[in-house]
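Working notes, structure below.
The values are calculated or read from the model by the stated rules, or taken from the named source; none is laboratory data. Values in this document were obtained by computation on a predicted structure and should not be read as measured data. FYI the Cβ positions are ideal-geometry reconstructions off the backbone, even for glycines, and counts take in every protein chain you see. Each accessible area value is taken on the protein alone, full model and side chains, heavy atoms only, with ligands, DNA and RNA left out. Shrake-Rupley method; radii C 1.70, N 1.55, O 1.52, S 1.80 Å.
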Amino acid sequence: MLRERYNQILLRFGFWEFNKNREPGNLYELRSYELKSGSMIEWGNHWARGLKYRQQNAEAVCGFFSHIGDLNMCHHLWSYKSLQSRKETRDLAWQLPGWDENVRYTVPLIRSLKSRILIPTPYSPLQ
């Protein structure tokens, strides 16, 4: 039974190409950030530089920000082979010089964060 419905119109961050070419069997993490008002441009500028620290395992799928609906929202979609792979990849990022600086500048811009693990359906283009 559907009890609630929520819609947003999103635009892709210009610096983040949508990478949907994946081998089957991945799971996905959708990280949704509510940012402080007026901080979206600053967030985008930091992530345009910081994304390079999360490319070593090609886990970055796409990044979007809200255009219509709840504003000041952005969403990052990451791909992993398993939850263990997610942990190892995220731990590895902390060992790269510069990642901690990116986090230091972006965390104060966040009002709230939700992280969800998603498993694609058999008909999903992200397999």
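Suppose we filter Arg90, Arg111, Arg104 for residues that are part of a strand (DSSP E or B) and surrounded by fewer than 17 Cβ atoms within 10 Å (Cβ to Cβ); which single one remains?
Working: Arg90 fails: part of a strand (DSSP E or B); Arg104 fails: part of a strand (DSSP E or B).
Testing whether each residue is part of a strand (DSSP E or B) and surrounded by fewer than 17 Cβ atoms within 10 Å (Cβ to Cβ) leaves just Arg111.
Annotation note: of Asn19, Asn26, Asn57, the sole residue that is modelled with pLDDT under 80 and in contact with a strand residue (DSSP E or B) (Cβ under 7 Å, 6 or more places away or on another chain) is Asn19.
Out of the residues in region 25-63 meeting the condition of being of a type in the set (Asp, Glu) and assigned to a strand (DSSP E or B), tell me which one is nearest to Ile117 (Cα to Cα).
Checked region 25-63; the qualifying residue nearest to Ile117 (Cα to Cα) is Glu29.
Within region 2-23, is even one residue outside any helix (DSSP H, G or I), among the aliphatic types (A, V, I, L, M), under 16 Å from Ser115 (Cβ atoms) and out of contact with any Pro (no Cβ under 6 Å at 6 or more places or on another chain)? The answer is no, given that none of the residues of region 2-23 is outside any helix (DSSP H, G or I), among the aliphatic types (A, V, I, L, M), under 16 Å from Ser115 (Cβ atoms) and out of contact with any Pro (no Cβ under 6 Å at 6 or more places or on another chain). Residues of region 64-87 that are farther than 15 Å from Thr106 by Cα, part of a strand (DSSP E or B) and either open to solvent by less than 30 Å² (accessible area, probe 1.4 Å) or touching an Asp or Glu at 6+ places or on another chain (Cβ under 7 Å) (or both): Ser66, Leu77, Trp78, Ser79, Tyr80. Among residues of region 46-63 that are more than 13 Å from Glu88 (Cα to Cα) and without any contact (Cβ under 8 Å) to a residue 60 or more places away in the chain, those with a beta-carbon under 6 Å from a residue that is open to solvent by 10 Å² or more (accessible area, probe 1.4 Å) and assigned to a strand (DSSP E or B) at least six positions away or on a different chain give the pairs Cys62/Leu77.
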